[in-house]
Amino acid sequence: MRLPYAEGTAFLVPLNGGGVARGVAVRVSPRGKVLLGYFFGPRLGSSAEFSWDGLQPAAAVLRLRCGDLGLVNGDWPIVGQVPGWNRAMWPMPDFVRRDPLGRLPPLLVRYSDYDPQRIDCEIPIQDDEGLGNQSLSGAGAVATRLNKLLVDRISG
């Protein structure tokens, strides 16, 4: 099956309570199913308000690995390809895996730059501040997290 998206594809994520957030597929698994997404505010009132303005890597409010079901089934409308897409400007961030019991030190998790499903290495670290959780989020979880991050921030 041919994927309806690729690296650099911009899309919209419908949010709970109305509005949408913008996202960019930054890394895509070769056979789909998992992608690394960069997500952006502000909350837009509708898809008609979409703009390329502010769609820069440093402006992302959330970077995470997620499933692609929202893109595959059309729930996350695709708006186009980021103009002048350059994957080197949109890096794969490091993530952290924490022991739920707190007995082991956190692990820095580094995923392949070519497959967000494949772990390249895990390294014990002392300080995990600023690192996102390595878990994989579904489309609903992404919308929920964005909704919390962008609450009361509707543009316009």
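Structure above, values below:
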{"item": "Subset of region 30-59 [in contact (Cβ under 8 Å) with a residue 24 or more places away in the chain and aliphatic (A, V, I, L, M)]", "result": "VAL34, LEU35, LEU36, LEU44, LEU55"}
{"item": "Neighbours by Cβ (under 6 Å, 6+ apart or cross-chain): first from region 4-29, within 19 Å of GLN56 (Cβ to Cβ); second hydroxyl-bearing (Ser, Thr, Tyr) and not in a loop (DSSP other than H, G, I, E, B)", "result": "LEU12/SER47; VAL20/SER47; VAL24/TYR38; ALA25/THR9; VAL26/TYR38"}
{"item": "Filter result for GLY156 (over 19 Å from ARG27 (Cα atoms), modelled with pLDDT under 95 and open to solvent by 50 Å² or more (accessible area, probe 1.4 Å))", "result": "yes"}
{"item": "Count of residues meeting criterion [open to solvent by less than 70 Å² (accessible area, probe 1.4 Å), more than 26 Å from VAL20 (Cβ to Cβ) and in a loop (DSSP other than H, G, I, E, B)] in region 100-153", "result": "10"}
{"item": "Output for region 92-138, where each listed residue is over 23 Å from GLY8 (Cα atoms) and among the basic types (Lys, Arg)", "result": "ARG97, ARG98, ARG103"}
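The values are calculated or read from the model by the stated rules, or taken from the named source; none is laboratory data. Computed from a prediction, not measured in an experiment: that's the story for all the values here. All Cβ positions, even for glycine, are placed from backbone atoms using ideal geometry, and neighbour counts span all protein chains on display. To get the accessible areas, we keep the full protein, side chains included, count just its heavy atoms, and leave off ligands, DNA and RNA. Shrake-Rupley method; radii C 1.70, N 1.55, O 1.52, S 1.80 Å.
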